[in-house]
Amino acid sequence: MIKTLGLTHLALTVSDLERSFQFYHDVFGMLAVYREPNFLQAQTPGARDVLVLETGEERVGESGGIKHFGFRLADPRDIDKAAAAIERAGGKIKYRGEFAPGEPYVFFADPDGYEVEVWYELPTDTGR
């Protein structure tokens, strides 16, 4: 086993770089930390994650075997606020509910059709 700091980034091919960035900025507050004409890296404030957005025409919105990706809520009471932000920014809610009591979720499609999840996870022991 090698020690890592966890997953670092996810890269998406998008049809409109500015529209996609604006969506993730409006929903999650993501900030552009590196930018080129057809490429952008964004991070969630206070986190070390990176969402790479790259303009392209092939396979936009196709998962390529990845069913969805997700963002973890800091507070489960924010699930309604998250759903409202998603819809305001142009996302389409697919379904929502609770995995278990206290673990609400919402699945949605972003502007290119990628499936994304927002959920709250009760604390687990990963210190093994």
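The values are calculated or read from the model by the stated rules, or taken from the named source; none is laboratory data. Not measured: the values here are computed from a predicted model. Positions of Cβ are generated from backbone atoms using ideal geometry, with glycine treated the same way; all protein chains shown enter the neighbour counts. These accessible areas exclude ligands, DNA and RNA; they are computed on the full protein's heavy atoms, side chains included. Shrake-Rupley method; radii C 1.70, N 1.55, O 1.52, S 1.80 Å.
Scanning the range 1-59 for residues that are closer than 19 Å to ALA85 by Cβ and in a loop (DSSP other than H, G, I, E, B), we see that the one that is most open to solvent (accessible area, probe 1.4 Å) is GLY46. Figure legend. Inter-residue proximity from the range 66-77: first residues more than 15 Å from THR124 (Cβ to Cβ), second residues loosely packed, with under 13 Cβ neighbours inside 10 Å and of a type outside the set (A, V, I, L, M), beta-carbon distance below 8 Å, spacing 6+ or different chains. No pairs are indicated. On inspection, ASP75 passes the criterion of being farther than 17 Å from TYR114 by Cβ and either acidic (Asp, Glu) or surrounded by fewer than 10 Cβ atoms within 10 Å (Cβ to Cβ) (or both). Summed over the range 61-102, residues that are in contact with a Pro (Cβ under 7 Å, 6 or more places away or on another chain) and among the charged types (D, E, K, R) total 1. Restricting the range 105-128 to residues that are under 26 Å from VAL60 (Cβ atoms) and of a type in the set (Val, Ile, Thr) leaves a set whose member that is surrounded by the most Cβ atoms within 10 Å (Cβ to Cβ) is VAL118. Taking the range 81-104 as the range and being in a helix (DSSP H, G or I) and open to solvent by less than 100 Å² (accessible area, probe 1.4 Å) as the test, the residues that pass are ALA82, ALA83, ALA84, ALA85, ILE86. When GLY46, GLY61, GLY29, GLY56 are checked against the criterion of being more than 13 Å from the chain's Cα centre (by Cα) and over 15 Å from PRO111 (Cα atoms), a single residue qualifies: GLY46.
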